[in-house]
Amino acid sequence: MLIAQITDLHIGGRAVSELNVARLRTVVARLVEIGPDVVLATGDLTEGGDASCYRRLKDLLAPLSAPILPVMGNHDLREVFIEGLGVEPDGDGFVQYEAQSGGLRILVLDTVETGRHGGAFCDRRAAWLTTRLEARPDTPTLIALHHPPVKSGIAWMDVGVDGVWSERLAAALAARPQVVGLIAGHLHRPLVTQFAGHPLIVAPPCAPQVVLDLEDESRGTDRDRPRIVEEDPGFALHLWTGGPLTSHFGTAGEHRVLATLDARTGRIRAQ
(Lines give C-alpha, C1' and ligand atoms only; values in the text may rest on other atoms or scores of the structure.)
Protein backbone atom coordinates (compact mmCIF):
# COMPACT_ATOMS: atom_id res chain seq x y z
CA MET A 1 0.00 0.00 0.00
CA LEU A 2 1.05 3.58 -0.65
CA ILE A 3 0.65 6.22 2.06
CA ALA A 4 0.96 9.87 1.09
CA GLN A 5 1.94 12.29 3.83
CA ILE A 6 1.34 16.01 3.69
CA THR A 7 2.21 18.27 6.58
CA ASP A 8 2.34 21.88 7.76
CA LEU A 9 -0.19 23.28 5.32
CA HIS A 10 -0.87 26.47 7.37
CA ILE A 11 -4.09 27.41 5.60
CA GLY A 12 -5.45 30.61 7.11
CA GLY A 13 -7.36 33.79 6.50
CA ARG A 14 -4.48 36.22 6.20
CA ALA A 15 -2.95 37.36 2.91
CA VAL A 16 0.16 35.24 3.46
CA SER A 17 -2.06 32.18 3.39
CA GLU A 18 -2.71 32.66 -0.34
CA LEU A 19 0.82 31.47 -0.97
CA ASN A 20 0.15 28.39 1.17
CA VAL A 21 -3.13 27.76 -0.65
CA ALA A 22 -1.37 27.82 -4.02
CA ARG A 23 1.33 25.49 -2.74
CA LEU A 24 -1.21 23.03 -1.35
CA ARG A 25 -3.12 23.01 -4.65
CA THR A 26 0.10 22.04 -6.41
CA VAL A 27 0.73 19.17 -3.99
CA VAL A 28 -2.86 17.94 -4.21
CA ALA A 29 -2.69 17.92 -8.02
CA ARG A 30 0.46 15.80 -7.87
CA LEU A 31 -1.09 13.36 -5.40
CA VAL A 32 -4.16 13.00 -7.61
CA GLU A 33 -1.76 11.82 -10.34
CA ILE A 34 -0.02 9.39 -7.98
CA GLY A 35 -3.20 7.92 -6.47
CA PRO A 36 -2.18 6.88 -2.92
CA ASP A 37 -4.28 4.47 -0.85
CA VAL A 38 -4.49 6.85 2.10
CA VAL A 39 -3.36 10.41 2.90
CA LEU A 40 -2.01 11.36 6.33
CA ALA A 41 -2.07 15.10 7.05
CA THR A 42 0.29 15.45 10.00
CA GLY A 43 -0.61 18.72 11.63
CA ASP A 44 -0.57 22.50 11.39
CA LEU A 45 -3.30 22.10 8.83
CA THR A 46 -4.42 25.68 9.49
CA GLU A 47 -2.65 28.84 10.58
CA GLY A 48 -5.21 30.45 12.83
CA GLY A 49 -7.42 27.48 13.65
CA ASP A 50 -10.79 29.15 13.05
CA ALA A 51 -13.75 27.37 11.46
CA SER A 52 -13.44 29.14 8.09
CA CYS A 53 -9.86 27.82 7.74
CA TYR A 54 -11.04 24.22 8.12
CA ARG A 55 -13.86 24.76 5.62
CA ARG A 56 -11.36 26.09 3.10
CA LEU A 57 -9.01 23.23 3.85
CA LYS A 58 -11.70 20.65 3.11
CA ASP A 59 -12.41 22.31 -0.25
CA LEU A 60 -8.71 22.26 -1.13
CA LEU A 61 -8.38 18.56 -0.28
CA ALA A 62 -11.62 17.57 -2.04
CA PRO A 63 -9.91 16.41 -5.29
CA LEU A 64 -8.22 13.58 -3.37
CA SER A 65 -10.18 10.34 -3.60
CA ALA A 66 -8.19 8.49 -0.91
CA PRO A 67 -9.24 8.63 2.76
CA ILE A 68 -7.62 11.55 4.59
CA LEU A 69 -6.49 11.07 8.19
CA PRO A 70 -5.88 14.43 9.93
CA VAL A 71 -3.45 14.92 12.81
CA MET A 72 -3.45 17.79 15.31
CA GLY A 73 -0.65 20.37 15.12
CA ASN A 74 0.26 23.24 17.43
CA HIS A 75 -1.29 25.79 15.05
CA ASP A 76 -4.60 23.92 15.10
CA LEU A 77 -7.30 24.44 17.73
CA ARG A 78 -8.53 21.13 19.12
CA GLU A 79 -12.25 21.86 19.49
CA VAL A 80 -12.53 23.56 16.09
CA PHE A 81 -10.39 20.84 14.50
CA ILE A 82 -12.70 18.11 15.85
CA GLU A 83 -15.87 19.85 14.66
CA GLY A 84 -14.49 21.17 11.37
CA LEU A 85 -12.95 17.90 10.21
CA GLY A 86 -15.46 15.51 11.78
CA VAL A 87 -12.87 13.67 13.86
CA GLU A 88 -14.01 11.52 16.77
CA PRO A 89 -11.79 12.30 19.82
CA ASP A 90 -10.71 9.74 22.38
CA GLY A 91 -12.44 9.47 25.75
CA ASP A 92 -10.36 12.31 27.18
CA GLY A 93 -11.06 14.75 24.36
CA PHE A 94 -7.72 14.33 22.56
CA VAL A 95 -7.48 13.83 18.79
CA GLN A 96 -6.27 10.25 19.04
CA TYR A 97 -7.81 7.51 16.94
CA GLU A 98 -6.99 4.45 14.89
CA ALA A 99 -7.61 3.51 11.29
CA GLN A 100 -7.01 0.44 9.17
CA SER A 101 -5.74 0.57 5.61
CA GLY A 102 -4.98 -2.70 3.90
CA GLY A 103 -3.11 -4.81 6.41
CA LEU A 104 -1.63 -1.78 8.18
CA ARG A 105 -3.01 -0.27 11.37
CA ILE A 106 -2.50 3.48 11.79
CA LEU A 107 -2.54 5.11 15.24
CA VAL A 108 -2.91 8.89 15.20
CA LEU A 109 -1.54 10.70 18.27
CA ASP A 110 -2.25 14.13 19.72
CA THR A 111 0.99 15.84 20.87
CA VAL A 112 -0.45 19.33 21.30
CA GLU A 113 -0.63 21.46 24.43
CA THR A 114 -2.40 24.78 23.83
CA GLY A 115 0.03 27.68 23.75
CA ARG A 116 3.11 25.45 23.53
CA HIS A 117 5.29 25.27 20.43
CA GLY A 118 6.91 21.96 21.37
CA GLY A 119 5.25 18.62 21.95
CA ALA A 120 3.23 17.21 24.83
CA PHE A 121 2.15 13.69 25.73
CA CYS A 122 0.46 13.23 29.09
CA ASP A 123 -0.23 10.06 31.07
CA ARG A 124 -3.76 9.75 29.66
CA ARG A 125 -2.55 9.90 26.08
CA ALA A 126 0.23 7.43 26.84
CA ALA A 127 -2.29 5.06 28.44
CA TRP A 128 -4.44 5.22 25.29
CA LEU A 129 -1.46 4.32 23.12
CA THR A 130 -0.28 1.53 25.44
CA THR A 131 -3.74 -0.05 25.56
CA ARG A 132 -4.01 -0.17 21.79
CA LEU A 133 -0.53 -1.52 21.23
CA GLU A 134 -1.06 -4.24 23.81
CA ALA A 135 -4.42 -5.19 22.30
CA ARG A 136 -2.94 -6.11 18.90
CA PRO A 137 0.74 -6.97 19.33
CA ASP A 138 0.97 -8.84 16.01
CA THR A 139 -0.66 -6.19 13.79
CA PRO A 140 1.80 -4.00 11.80
CA THR A 141 1.27 -0.48 13.10
CA LEU A 142 2.25 2.98 11.87
CA ILE A 143 2.32 5.89 14.36
CA ALA A 144 1.39 9.37 13.08
CA LEU A 145 2.04 12.52 15.13
CA HIS A 146 2.88 16.16 14.55
CA HIS A 147 5.90 16.81 16.78
CA PRO A 148 9.07 14.79 16.16
CA PRO A 149 10.29 13.84 19.66
CA VAL A 150 13.99 14.25 18.80
CA LYS A 151 16.34 17.17 18.22
CA SER A 152 17.00 18.04 14.59
CA GLY A 153 20.04 20.26 15.05
CA ILE A 154 18.09 23.32 13.87
CA ALA A 155 18.25 25.04 17.24
CA TRP A 156 15.29 27.40 17.10
CA MET A 157 12.98 24.58 15.95
CA ASP A 158 14.22 22.23 18.68
CA VAL A 159 12.59 24.14 21.54
CA GLY A 160 10.44 21.71 23.53
CA VAL A 161 11.14 18.63 21.42
CA ASP A 162 12.50 16.51 24.23
CA GLY A 163 11.94 16.13 27.96
CA VAL A 164 9.30 14.30 29.98
CA TRP A 165 6.76 14.12 27.16
CA SER A 166 9.14 12.43 24.73
CA GLU A 167 10.42 10.09 27.44
CA ARG A 168 6.82 9.06 28.16
CA LEU A 169 6.22 8.42 24.46
CA ALA A 170 9.44 6.42 24.18
CA ALA A 171 8.41 4.24 27.12
CA ALA A 172 5.08 3.46 25.44
CA LEU A 173 6.78 2.52 22.16
CA ALA A 174 9.80 0.62 23.46
CA ALA A 175 9.90 -3.11 22.67
CA ARG A 176 6.89 -2.92 20.34
CA PRO A 177 8.01 -4.93 17.29
CA GLN A 178 4.69 -4.37 15.50
CA VAL A 179 5.51 -0.65 15.06
CA VAL A 180 6.87 -0.24 11.53
CA GLY A 181 7.69 3.44 12.05
CA LEU A 182 6.64 6.90 13.13
CA ILE A 183 5.86 9.76 10.75
CA ALA A 184 5.76 13.41 11.82
CA GLY A 185 5.84 17.02 10.60
CA HIS A 186 6.38 20.33 12.42
CA LEU A 187 10.02 20.79 11.43
CA HIS A 188 9.33 22.18 7.94
CA ARG A 189 12.21 20.06 6.64
CA PRO A 190 12.59 16.34 5.80
CA LEU A 191 14.49 14.28 8.34
CA VAL A 192 15.12 10.57 8.95
CA THR A 193 16.30 9.18 12.28
CA GLN A 194 15.27 6.68 14.96
CA PHE A 195 13.16 6.94 18.09
CA ALA A 196 12.56 4.24 20.71
CA GLY A 197 14.08 1.71 18.34
CA HIS A 198 11.80 2.58 15.42
CA PRO A 199 12.32 4.60 12.21
CA LEU A 200 11.16 8.21 12.54
CA ILE A 201 10.44 10.02 9.27
CA VAL A 202 9.67 13.75 9.16
CA ALA A 203 8.09 14.89 5.89
CA PRO A 204 8.83 18.14 4.04
CA PRO A 205 6.09 20.78 4.32
CA CYS A 206 3.52 22.06 1.90
CA ALA A 207 4.11 25.58 3.25
CA PRO A 208 7.55 27.24 2.87
CA GLN A 209 10.58 25.56 4.40
CA VAL A 210 12.73 26.28 7.41
CA VAL A 211 16.30 27.03 6.34
CA LEU A 212 18.67 24.09 6.80
CA ASP A 213 20.97 25.79 9.32
CA LEU A 214 22.89 23.47 11.66
CA GLU A 215 25.27 26.11 13.00
CA ASP A 216 25.70 26.43 16.76
CA GLU A 217 23.67 29.55 17.50
CA SER A 218 25.36 30.03 20.89
CA ARG A 219 28.52 31.14 19.06
CA GLY A 220 26.78 34.16 17.63
CA THR A 221 27.33 35.70 14.20
CA ASP A 222 27.77 39.10 12.61
CA ARG A 223 25.25 38.42 9.83
CA ASP A 224 21.50 38.09 9.59
CA ARG A 225 20.35 34.49 9.47
CA PRO A 226 17.54 33.55 7.07
CA ARG A 227 14.81 31.50 8.72
CA ILE A 228 12.18 30.66 6.06
CA VAL A 229 12.73 30.00 2.35
CA GLU A 230 10.43 29.25 -0.58
CA GLU A 231 11.61 25.92 -1.93
CA ASP A 232 9.14 23.78 -3.89
CA PRO A 233 6.23 22.43 -1.81
CA GLY A 234 6.89 18.89 -0.61
CA PHE A 235 5.28 15.65 0.45
CA ALA A 236 6.31 12.12 1.43
CA LEU A 237 5.30 8.74 0.06
CA HIS A 238 5.59 5.73 2.36
CA LEU A 239 5.48 2.35 0.65
CA TRP A 240 4.53 -0.63 2.81
CA THR A 241 4.57 -4.14 1.36
CA GLY A 242 4.31 -6.12 4.58
CA GLY A 243 7.83 -5.54 5.90
CA PRO A 244 9.84 -2.38 6.63
CA LEU A 245 8.47 1.00 5.61
CA THR A 246 10.17 2.55 2.56
CA SER A 247 9.85 6.34 2.46
CA HIS A 248 10.41 8.76 -0.41
CA PHE A 249 10.36 12.57 -0.44
CA GLY A 250 8.98 14.49 -3.39
CA THR A 251 8.30 18.04 -4.50
CA ALA A 252 5.39 19.31 -6.54
CA GLY A 253 5.47 21.76 -9.40
CA GLU A 254 6.92 22.10 -12.86
CA HIS A 255 10.13 20.10 -13.24
CA ARG A 256 12.21 20.04 -16.41
CA VAL A 257 12.28 16.55 -17.98
CA LEU A 258 15.83 15.55 -18.95
CA ALA A 259 15.19 11.96 -20.10
CA THR A 260 12.18 9.85 -21.09
CA LEU A 261 11.49 6.12 -21.35
CA ASP A 262 10.68 5.41 -24.99
CA ALA A 263 7.45 3.37 -25.00
CA ARG A 264 8.32 1.80 -28.37
CA THR A 265 11.93 0.73 -27.74
CA GLY A 266 11.98 0.51 -23.93
CA ARG A 267 15.13 2.64 -23.86
CA ILE A 268 15.93 5.88 -22.05
CA ARG A 269 15.95 8.81 -24.44
CA ALA A 270 17.51 12.17 -23.56
CA GLN A 271 15.24 15.15 -24.16
Could you check which residue among Pro148, Pro89, Pro70 shows the biggest mean-square fluctuation in a GNM of the chain with a 10 Å Cα cutoff?
Pro89
The chain: equivalent-ellipsoid semi-axes (sqrt of 5 x gyration tensor eigenvalues, Cα, Å):
28, 24, 21
Taking the radius of gyration and the Kirkwood hydrodynamic radius from Cα positions alone, what is the Rg/Rh ratio for segment 145-226, to two decimal places?
1.03
Only Cα pairs within less than 10 Å get springs; with that Gaussian network setup on the chain, which residue of Ala144, Ala171, Ala66 has the largest fluctuation?
Ala171
Order by accessible surface, 1.4 Å probe, largest leading, for residues Met1, Met157 comes to Met1, Met157
Of all the accessible heavy-atom surface of the chain, with the other protein chains kept in place and a 1.4 Å probe, what percent is carbon and sulfur?
52 percent
Shape parameters for segment 96-207, alpha-carbon atoms, Rg then Dmax in Å:
13.4, 39
Whole-Å semi-axes of segment 33-126's equivalent ellipsoid, largest first, each the root of 5 times a Cα gyration tensor eigenvalue?
22, 18, 11
Counting heavy atoms of the protein chains only and a 1.4 Å probe, report the per residue accessible area for the chain as a whole number of Å².
47 Å²
What distance in nm lies between label points placed 7 Å from Cα along the C-beta direction at Val229 and Ala22?
2.0 nm
Scaled by the rule-of-thumb 2.2 N^0.38 Å, the alpha carbon Rg for segment 9-60 gives a ratio of 1.14
Efficiency of FRET from Cβ geometry, Val159 and Glu254, R₀ 30 Å, rounded to 0.05:
0.25
Contour minus Cα-Cα distance for Leu214 and Ile268 (0.36 nm per residue)
15.6 nm
Have a look at Arg227, Arg23, Arg168 and tell me which one the Gaussian network model of the chain (Cα, springs below 10 Å) gives the largest fluctuation.
Arg227
Set of segment 156-185 residues, backbone N closer than 19 Å to the point 7 Å along the Cα-Cβ line of Arg116:
156-173, 184-185
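The values are calculated or read from the model by the stated rules, or taken from the named source; none is laboratory data. Just so we're clear, the structure is a prediction, and the values are computed from it rather than from any experiment. A quick note on method: Cβ atoms are made from the backbone with ideal geometry, for glycine too, and the neighbour counts reach across all protein chains shown. Side chains are part of the model used for accessible areas, which takes the heavy atoms of the whole protein and leaves out ligands, DNA and RNA. Shrake-Rupley method; radii C 1.70, N 1.55, O 1.52, S 1.80 Å.
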